[in-house]
Amino acid sequence: MTTSTPSPTAGREVAARVVGLSKTYGQGEAVVRALDDVTLDLYAGEFTAVMGPSGSGKSTLMHVCAALDSATSGEVLIGDREIGRLHDKALTLLRREEIGFVFQSYNLVPTLSAEENIVLPLAIAGRKPDRAWFDSVVATVGLGDRLDHKPNQLSGGQQQRVAVARALVSRPRIVFADEPTGNLDSRSGAEVLELLRASVDTHGQTVVMVTHDPVAAAYTDRVVFLADGKVVDELRQPDRDQVLAIMARMSDAGPGGPG
Amino acid sequence: MIRAALKSLLGRKLRLVMSTFAIVLGVAFVVGTLIFSDTLNRSFTSLFASTVGDVVVRPDGGGDAPGGVLSTRTVPGDLVGTLAAVPGAARADGMVNALGVYVVDDEGKPIGGFGPPSLGANWSDAPAGNGLEGLQIAEGRAPEGPDEVVLDAATAEKSGYDVGDTVPLITTDETANLAPTLVGVADFAEGGSLNGATYAAFETAEAQRLFHEGEDEYESIWVTAADGVTQEQLLADVEATLPDGYEAVTGDEAADESASDLLEAISFLTTFLLIFAGIALVVGSFIIVNTFSILVAQRSRELALLRALGASKKQVVRSVQLEAFVLGFLGATFGVLLGIVLAIGLRALFATFGLDLSGQPLVYRPRSFVAAYAVGIVVTMAAAYLPARRTSRIAPVQAMRDEIALPEESLRNRFRYGLLLALVGGGLLAVGLTDVLGLGRVGWFVGGGVLAVLLGVTAMAPVLAGPFLRAARALYERLFGSIGNLAGQNSLRNPRRTAATASALMIGLTLACTMAIVGDSAKASVDRTIEESFTGDFVVSSIFGGSFSASIAERVDGVEGVDAVVRQRSGFAEADGDFTVVVATDPESLERLGVTFVEGGPADLTTGTVLLGDSYAADRGLAVGDDYVLDAAAGTVTWTVAGTVETGALLAGGVIVSIPTYEAAGYPPEDSMLVVYADDAASGLQDRLDEVLADQPIVTAKDQAAFAAEQREPIDQFVLIIYALLGLALLIAVLGIVNTLALSVIERTREVGLLRAIGVTRPQLRLMITLESVVIAVLGAVLGLVLGIGFGVALMRAVRDEGLEVISVPFGQLGVFLLLAVVVGVLAAVLPARRAARLDVLEAISTQ
Ligand SMILES: Nc1ncnc2c1ncn2[C@@H]1O[C@H](COP(=O)(O)OP(=O)(O)OP(=O)(O)O)[C@@H](O)[C@H]1O
Ligand SMILES: [Mg+2]
């Protein structure tokens, strides 16, 4: 295991913890191990990237952690709550209160304006948005006067920033983002990444992001590498070259190749 | 290409079933109605064939009397011998026929009475025409003397009498009550039935004593052909010897005459059922249009891909049309099956009303099935035509794009066409209702007008619905917060779809609402007319609406506390092709009955003259002194108009004659209503009247309130039957909402997934879809109520002259309809909401 700096994890609060997590699809011969005994701590106030070849289980990990999917075995703790035994209703409330999610393909509600989309999770919960917080989120999102536009009147980058704002507005314990810049050009991508970075730096938001892009990974505090459903490597304060080096090594190693 | 079309059909079974449902129902109505009416036809044709001889001799013009009226004119008995001696004749038999011979069952209730007649006759073993066996003694023996009777098997069984029992009979002539002994039971040797009529036969002399005051005369004479002689040959022979004043017809002709008269009289029934088939199909085609529009929109990417892969425009359009064809075919097939069940149901239903067709197996004519498939397939394909056409405008390049907006005609244009159509419809309706141009065919104009207005409003609905949906959204947001907002936004998302779905409900509710107003107004009018014109203290009338023995009046007159009794008689006649009711009473009683003279006075009503209702006379351009010609029971008569009167309830027909004039026109000396005036001090009169009428269960005495209630009852029943039938249209509309919602949920799967992902709970999701459903239903209801009130009021205004003066809008009932719409909305949402709530979040969110 390559660790460029000694782990300064002592004393840090854990926002979410995964212990011995496995997830399989299918049965018998056709069984696919998307996650294979993954144990991982995700620290509060940290921006973590998850990287790995296609099919290595990154999305699966996000989904299970975000209570969108259930594990085959192992535990997921959000804060100190084990989510494995929660029923639909409790999981829904958990997602509403504790978790934010950003999808690769924006996923805004087409009938609602940008502003309505942003406050939707709060509105559904019947909560009033904290005005100051809302303003600061909106300010960082930088939509300006386009807040009352419908999603189809916004560019992809703008839509994704709305989606990020939506994930941030309810001050969740943790935000998961699955390839949030995957559909964007490098400039729009950079804007979204800066937005996420800023939320970590100024508000101490915890963010976990899946990405294939070493440049994107360089925005984060920590990179976790997955291959074949296992955590195979980790990097702190990464820069682009270090990430590229590990990625190259992993594809040399063979079995984790794209598939 | 065909394969692809069929595959996509199979891939959507549930949607398929739901959109075919309307076709199934519509076709079922068509098939059920056709099968039932064919069965009815066959049954009556064979029944009448067994009620005529080879040649029938009757008084001149005997076939001209309006259907169901039996003339008092007769054929003399000595003619029987003359006819039997005719060269081609094997035998001749005199036939006595009477109506209104009611059999009272062993619990004191009269059998039948509504619809099919209660027949009385002389027993005869004469064979029916073409050697058919008519009724034969199946048990016991023929009647041989006074106080003996034979009943038909069905009646004997229903009434619970066995051979040897005493059978209480009520007749409408002077004798009023009989109690002969049952000596035999008659039945059709080769199967068949009297279709619910009751039949009581006496020995000939006894029948003549009962129905002809002992005179040797008959209603008709049957002449039976000798071996090898045809009906036509026999007819020629008979005509050669026939004295003046009598006519002879072949049995075939006489049977046809009676059958077609009767079938014409009940043809309204077929029309009525077919109208509902039409309504079901119109509502159904709305749903098909909508379903196909949504399916085509959802599949536009797939269709664009097919185009990109080299399919021609034509192929793409054809593939959608092929789907419609298959759907129509399936719908028609299920419709035929359901239609047969419906025909069986109709037969059972009519049996409970006394029209017993159990002896006649259902008649399946190829026409019924051809009609079913034609209707099913044509309606489906016609409804799918526009959506199918639209697919041709999908460009191959759209396969590459993310969102596909199908090119659609602008809403504004659509609104314009709709407005135009609605205006034309309004015009047709006005022409039909007022008949200003004197074009006749009122039904076609009114029906066409209503349909055009409905279609026009449907076309305008997306625009009309806009403000309503926005208001609903605002209200929802207020009441249910963001979930309400989402629901409101969803209904606004595609106003076309929302409006089309609502329109299906609109049609049913428009008609229901019109019916509610017509029914309520009719009842209010009845109440008011009775209130204004009810004179006397009691009315005595038959519970079957027919006539009763003239001796009842004397009985009632003898009751203590009765001051006076005024008789009224009424019979059907035909003037200028219109049915009218001729009312006869004593001229001196006219003032007492509250008849107000416009011209002339009671003294002018002498024998051979007539009083006409003022509007009736005005409509026909008749004035005092003119001749009034009509077909009465005995044939054509001419009366002189002696005066005009204001139209009122008790003399509703507007044609009034004296009793001698009435009898001279061939109507039997039987009363149809008695108006009873009590002494000032009389009390407990109702009980005493009931007592004297106890052995006449077919007549009752009632005061004003009871009489009004009795008159309102058929209106209520009629309205209820219509509601029941409109319930089907409602059901189709509900399925339409279910279908649209289900399709919308599928279309928005990803969005639903997202909402769940960001914390919308299942109940919230269900609420959202329910709210969306309710807004559609209420939109349909509101449109329907507005149109229904419009139609109802227009209709009632148009018939104002016909004595229905009150226009009453039952707002309470309309409120119930609105509530019903909310319930409908909630119910329609159950399945789609459940489906949405059960979607797997991850799968939903990754759907393309
Ligand atoms: N619903 C499913 N059913 C069966 N197998 C699945 C399912 N979802 C994912 N898998 C399998 O699980 C493995 C991990 O998938 P996952 O989507 O987590 O990969 P990923 O790392 O996100 O890949 P990518 O970088 O391409 O998004 C893959 O082999 C995939 O084929
Ligand atoms: Mg992935």
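Checking each residue in segment A:223-241 for being within 13 Å of ligand 1 (Cβ to nearest atom) and either assigned to a helix (DSSP H, G or I) or touching a Pro at 6+ places or on another chain (Cβ under 8 Å) (or both) picks out A:227, A:228. Does any residue of segment A:213-222 turn out to be within 16 Å of ligand 2 (Cβ to nearest atom), under 16 Å from residue A:40 (Cβ atoms) and in a strand (DSSP E or B)? No.
The strands (runs of 3 or more DSSP E) found entirely in segment B:562-605 that carry 2 or more residues being open to solvent by less than 70 Å² (accessible area, probe 1.4 Å) are B:562-575, B:578-585.
Checked against (1) open to solvent by 10 Å² or more (accessible area, probe 1.4 Å); (2) in a loop (DSSP other than H, G, I, E, B), residue A:244 passes all but condition (2).
The residues of segment B:745-785 that are within 12 Å of another protein chain (Cβ to nearest Cβ) and within 26 Å of residue B:819 (Cβ to Cβ), listed by number, are B:763, B:764, B:765, B:767, B:768, B:772.
Residues considered: B:691, B:646. Of these, the only one that is free of Cβ contacts under 8 Å to residues at least 24 places away in the same chain, assigned by TED's automatic domain parsing to the domain that holds residue B:557 and open to solvent by 20 Å² or more (accessible area, probe 1.4 Å) is B:691. Would it be correct to say that residue B:179 is surrounded by fewer than 20 Cβ atoms within 10 Å (Cβ to Cβ) and over 23 Å from residue B:698 (Cα atoms)? No: the conditions fail for residue B:179. Among residues belonging to segment A:153-183 that are within 16 Å of ligand 1 (Cβ to nearest atom) and surrounded by 20 or more Cβ atoms within 10 Å (Cβ to Cβ), point out the one that is farthest from residue A:43 (Cα to Cα). If we take residues in segment A:153-183 being within 16 Å of ligand 1 (Cβ to nearest atom) and surrounded by 20 or more Cβ atoms within 10 Å (Cβ to Cβ), then A:181 is farthest from residue A:43 (Cα to Cα).
Among the conditions (1) in contact with a strand residue (DSSP E or B) (Cβ under 9 Å, 6 or more places away or on another chain); (2) not in a helix (DSSP H, G or I), residue B:228 misses just one, which is (1). The set of residues in segment B:467-483 that are open to solvent by less than 10 Å² (accessible area, probe 1.4 Å) and either farther than 28 Å from residue B:731 by Cβ or free of Cβ contacts under 8 Å to residues at least 40 places away in the same chain (or both) contains only B:483.
When segment A:172-194 is filtered for residues that are away from ligand 2 (no atom under 16 Å from the Cβ) and under 20 Å from residue A:17 (Cβ atoms), the ones remaining, listed by number, are A:172, A:173, A:174, A:175. Candidates B:205, B:226, B:128, B:201: the one that is touching a Phe, Trp or Tyr at 6+ places or on another chain (Cβ under 6 Å), closer than 29 Å to residue B:82 by Cα and assigned by TED's automatic domain parsing to the domain that holds residue B:109 is B:201.
Can you tell me how many residues in segment A:211-221 are within 16 Å of ligand 1 (Cβ to nearest atom) and either of a type in the set (A, V, I, L, M) or within 14 Å of chain B (Cβ to nearest Cβ) (or both)? Even if it seems obvious, please write down each step before you answer.
As a first pass, look at segment A:211-221 and keep what is within 16 Å of ligand 1 (Cβ to nearest atom): A:211-214, A:216-217.
When the remaining residues are screened for being either of a type in the set (A, V, I, L, M) or within 14 Å of chain B (Cβ to nearest Cβ) (or both), the result is A:216-217.
So the answer is 2.
Only one entry of A:224, A:169, A:208, A:200 meets the criterion of being of a type in the set (Val, Ile, Thr) and within 14 Å of another protein chain (Cβ to nearest Cβ), and that entry is A:169.
Could you tell me how many of the residues in segment A:64-103 are in contact (Cβ under 8 Å) with a residue 24 or more places away in the chain, under 20 Å from residue A:20 (Cα atoms) and of a type outside the set (Asp, Glu)?
Pass one, segment A:64-103, residues in contact (Cβ under 8 Å) with a residue 24 or more places away in the chain: A:64-69, A:71-79, A:91, A:94-103.
Retained after the next criterion (residues that are under 20 Å from residue A:20 (Cα atoms)): A:64-69, A:71-79.
Checking which are of a type outside the set (Asp, Glu) leaves us with A:64-68, A:71-74, A:76-79.
Looking only at that region, the number is 13.
Do we find a residue being away from ligand 1 (no atom under 16 Å from the Cβ), at pLDDT below 85 and under 17 Å from residue A:210 (Cβ atoms) anywhere in segment A:111-128? No - not one qualifying residue is present in segment A:111-128.
Return yes when residue B:820 is open to solvent by 50 Å² or more (accessible area, probe 1.4 Å), within 25 Å of residue B:19 (Cβ to Cβ) and within 26 Å of the chain's Cα centre (by Cα) and no when it is not.
Yes.
Looking only at residues that are on the phi > 0 side of the Ramachandran plot and at the interface with another protein chain (Cβ under 9 Å from one of its Cβ atoms) in segment A:82-131, which one is surrounded by the most Cβ atoms within 10 Å (Cβ to Cβ)? Among those that are on the phi > 0 side of the Ramachandran plot and at the interface with another protein chain (Cβ under 9 Å from one of its Cβ atoms), it is A:107. Is segment B:502-512 home to any residue that is out of contact with any helix residue (DSSP H, G or I) (no Cβ under 6 Å at 6 or more places or on another chain), open to solvent by 30 Å² or more (accessible area, probe 1.4 Å), under 30 Å from residue B:278 (Cα atoms) and touching a residue at least 60 places away in the same chain (Cβ under 8 Å)? No.
When each of A:144, A:229, A:204 is tested for being surrounded by 23 or more Cβ atoms within 10 Å (Cβ to Cβ) and on the phi > 0 side of the Ramachandran plot, the lone residue that passes is A:229.
Just one of the listed residues (B:493, B:497, B:528, B:569) is within 35 Å of the chain's Cα centre (by Cα) and farther than 30 Å from residue B:686 by Cβ, namely B:497.
Across segment A:35-56, the qualifying residues are those that are open to solvent by less than 10 Å² (accessible area, probe 1.4 Å) and within 12 Å of ligand 1 (Cβ to nearest atom), and the one among them that is farthest from the other protein chains (Cβ to nearest Cβ) is A:51.
The values are calculated or read from the model by the stated rules, or taken from the named source; none is laboratory data. Note that the structure is predicted; figures quoted are calculated from it, not measured. Don't worry about glycine lacking a Cβ; one is built from the backbone with ideal geometry, like all the others, and counts go over all protein chains shown. To get the accessible areas, we keep the full protein, side chains included, count just its heavy atoms, and leave off ligands, DNA and RNA. Shrake-Rupley method; radii C 1.70, N 1.55, O 1.52, S 1.80 Å.
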